[in-house]
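A.B. asks: One structure, as structure tokens, below. Some questions next.
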Amino acid sequence: VYRGSVKDFPGFDASQDAEALYNAMKGFGSDKEAILDLITSRSNKQRVETCQAYKSLYGKDLIADLKYELTGKFERLIVSLMRPPAYSDAKEIKDAMAGIGTDEKCLIEILASRTNQEIHDLVAAYKDAYERDLEADIVGDTSGHFKKMLVVLLQGTREEDDVVSEDLVEQDAKDLLEAGELKWGTDEAQFIYILGRRSKQHLRLVFDEYLKISGKPIERSIRAELSGDFEKLMLAVVKCVRSTAEYFAERLYKAMKGLGTRDNTLIRIMVSRSEIDMLDIREVFRTKYEKSLYNMIKEDTSGEYKKALLKLCGGDDDAAGEFFPEAAQVAYRMWELSAVAKVELRGTVQPAGSFNDDGDAQVLRKAMKGLGTDEGAIIEVLTQRSNAQRQQILKAYKAHYGRDLMADLKSELSGSLAKLILGLMLTPAQYDAKQLRKAVEGAGTDESVLIEIMATRNNQEIMAINEAYQEAYHKRLEDDLSSDTSGHFKRILVSLALGNRDDGPENLTQAHEDAKKLADVSSNDSSDSLETRFLSILCTRSYPHLRRVFQEFIKMTNHDVEHAIRKRMSGDVRDAFIAIVRSVKNKPAFFADKLYKSMKGAGTDERTLTRIMISRSEIDLFNIRGEFIDLFDKSLHRMIEKDTSGDYRKALLALCGGED
């Protein structure tokens, strides 16, 4: 199936086109609109024929004339379209190495994403156009492991058979693990050999196997083990193996998001993929960024340049607001994978080895006695103990000094640091109960806190919270939630507060039924509203079962369930259901996203930051760190460092544990 956006023009006549272009450029000023319309509606093969016809009719070089008539980005785009793909690639690479410094990103993008045949054509085109050897030029312009991997890719000898040997898959995954994570130092040659030579089909299975045996995606190991341009190149190779379309969607998004547009990247990708996989790229883009590529180009560019890019893009996927089957299937595959991975959840705070509760109590007392407070000592002790150990310290402190450690800490510390340290001293259930209480008491309710806690805690945690709440406030949590919220939102919270979600495995027949219930928009039976149907499934089924329901939902509707919720619901009900869905899909990613939002932009939402760092520190903060770097390309540690200050920062970083 052809997945490009630009097709052969029916009834094409090269001489006619050549004449039309000649007339558009004749005389004073040029008819840019006519040039644009004609060139973007022909295939590359047809454009090349038009160049030849132009030369035989007028004895002039069409590309040279276009360069003379047009200017700026529009000129770059149009001229790029006139060259055969291999010559376009050759020109991009030549430009990337010209002058001082090298545009490594361009080299990486081209060499990591092209097929064997495309690489061979590129090498030949480079020789033909510049009478130089591409490999020799690249070797002269780059160095180290980066250079070695580029040379391997330049050979265009990646295996292409789809027959995969399971033994070799296991061996390769083991070799990669031993070359990186399990080794002191890194054996880069292994990474180069396996990622440079094996077929895509084979590597996809290797990556799945790697995830199974190491508990982390290969990308995360590459980030930890490799560095610089070599790391960027290897990540690009992995992305292209997983999905070339997704790789380009991400490159396009990054070229346009934020201030300024990276036009060279935008032009290069739009031109080079227009006859290969632009439709796939658009789909992935729409799924991943919740807006169409068409709209993003429209907001980000202007004039003839914009018009030409939009023609290459081909269509606007927001118009219908629909997902395409292919995009949904990509989403489906990603899910299948995440379900197999045995990811071990782990926190960043472990119990201290040689723990002595009385010794700790003495250190804390000394830190608070007399004038001034030694915050450093308090942070040092309390962030490096498990919650159970902190509970023992509370008792030891009272036994030794006849004083209440909580009261002492409260009077000695202040601001964000006090909230953080006091939060660490409560049991997880007491802490959650307190956050919920704060969210409902007084004027106004903080729904986002209610959602975050109620949607992500498991049955045991919920039961413990109920007990702690009753004990601390002499009221039932359910009653407080009921009197403070209303409508469907209230019903969701009440259901979650029971803490009796199933905890069995998936049931396929039931999952199919459940998905059908969620997908069935048409049933206008007022007794059983959409929200009620979602509630009865999302708030009661087990996590493994819901994962299967969401997959069935994608199969049935070509939509992700989250997309359906956004489209059909609003406000707190929508937010609560989305939180449940995200928590089921990938809880650490849900928290990573909340942490990122608490710090990005102006000002920091310290309450959220403190709450998540405390409540996840012994459960899955280590995994949250991993997801954070995968999602936002920066480490949680870095972001906290940049965004907070003083002792509060010191304590947060101690909880965060380690720089990724």
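A.B. asks: Sequence neighbours fewer than 8 away in the same chain don't count; with that in mind, list the lysines whose C-alpha is under 18 Å from Lys32.
C.D. replies: Lys67, Lys73, Lys306, Lys307, Lys311
A.B. asks: In addition: Where a Cα-Cα gap under 14 Å defines reach, which aspartates and glutamates qualify for Lys183, not counting those fewer than 8 residues away within the same chain?
C.D. replies: Result set, ordered by chain and number: Asp175, Glu225.
A.B. asks: While we're here: Please work out the FRET efficiency for the pair Lys642 and Lys398, using the Cβ-Cβ distance as r and a Förster radius of 41 Å; give the result to the nearest 0.05. Could the numbers behind the result be given before it?
C.D. replies: Values: r = 39 Å, r/R0 = 0.96.
It comes out at approximately 0.55.
A.B. asks: Shifting gears a bit: Hey, can you find the accessible area per residue of the chain for me, probe 1.4 Å, expressed in square angstrom? All intermediate terms of the calculation are to be shown ahead of the outcome.
C.D. replies: Values: 30090 Å² over 660 residues.
Solvent-accessible surface per residue comes out at 46 Å².
A.B. asks: Follow-up. Run the accessible area of the chain with a 1.4 Å probe and give the carbon-and-sulfur part as a rounded percent.
C.D. replies: Numbers: 14800 of 30090 Å².
In the chain, the share of accessible area belonging to carbon and sulfur is 49 percent.
A.B. asks: Alpha carbon centre of the range 407-449 versus the range 561-637: separation in Å?
C.D. replies: 20
A.B. asks: What do you get for the angle between helix 188-197 and the principal long axis of the chain? Use alpha-carbon atoms, 0 to 90 degrees, nearest ten.
C.D. replies: That works out to roughly 50 degrees.
A.B. asks: For the chain, with only Lys/Arg (+1) and Asp/Glu (-1) charged at the beta-carbon, what is the dipole magnitude about the Cα centre, in debye rounded to 20? Don't skip to the answer; put the middle values down first.
C.D. replies: On the way: 97 positive and 111 negative charges, 262 e Å.
For the chain, the charge dipole is close to 1260 debye.
A.B. asks: 222 nm [θ] for the chain, helices only, -39500 (n - 2.57) per DSSP H run of 4+, per residue, to 500?
C.D. replies: -22500 deg cm²/dmol
A.B. asks: Hey, another quick one. Name the residue farthest towards the positive end of the dipole of the range 63-178 from the options Leu122, Phe74, Tyr87, assuming +1 on Cβ of Lys and Arg, -1 on Cβ of Asp and Glu, about the Cα centre.
C.D. replies: Phe74
A.B. asks: Something else: Hey, rough spin-label estimate for Lys26 and Asp503, points 7 angstrom out along Cα→Cβ, what's it come to in nanometres?
C.D. replies: The answer from the label model is 8.3 nm.
A.B. asks: How far, in degrees from 0 to 90, does helix 144-154 lean away from the longest principal axis of the Cα atoms of the chain, to the nearest 10?
C.D. replies: Between helix and principal axis, roughly 50 degrees.
A.B. asks: Put +1 on the Cβ of each Lys and Arg and -1 on the Cβ of each Asp and Glu in the chain; which of Leu57, Thr644, Thr40 then has its Cα farthest toward the positive end of the dipole?
C.D. replies: Thr644
A.B. asks: Another question, then. Any idea what the relative contact order of the chain is, in percent, if you count C-alpha pairs under 8 Å spaced at least 6 apart? Don't skip to the end; give the middle numbers.
C.D. replies: Numbers: 787 pairs, mean separation 72.1, N = 660.
The value is 11 percent.
A.B. asks: Using a 10 Å cut-off on Cβ atoms, rank the peptides 52-65, 98-111 from the highest mean neighbour count down.
C.D. replies: Working: 52-65: 14.4, 98-111: 16.7.
Descending packing order for the listed peptides: 98-111, 52-65.
The values are calculated or read from the model by the stated rules, or taken from the named source; none is laboratory data. All of these numbers come straight from a predicted model, not from anything done at the bench. A quick note on method: Cβ atoms are made from the backbone with ideal geometry, for glycine too, and the neighbour counts reach across all protein chains shown. Accessible surface is based on the protein model in full, side chains and every heavy atom, while ligands, DNA and RNA are left aside. Shrake-Rupley method; radii C 1.70, N 1.55, O 1.52, S 1.80 Å.
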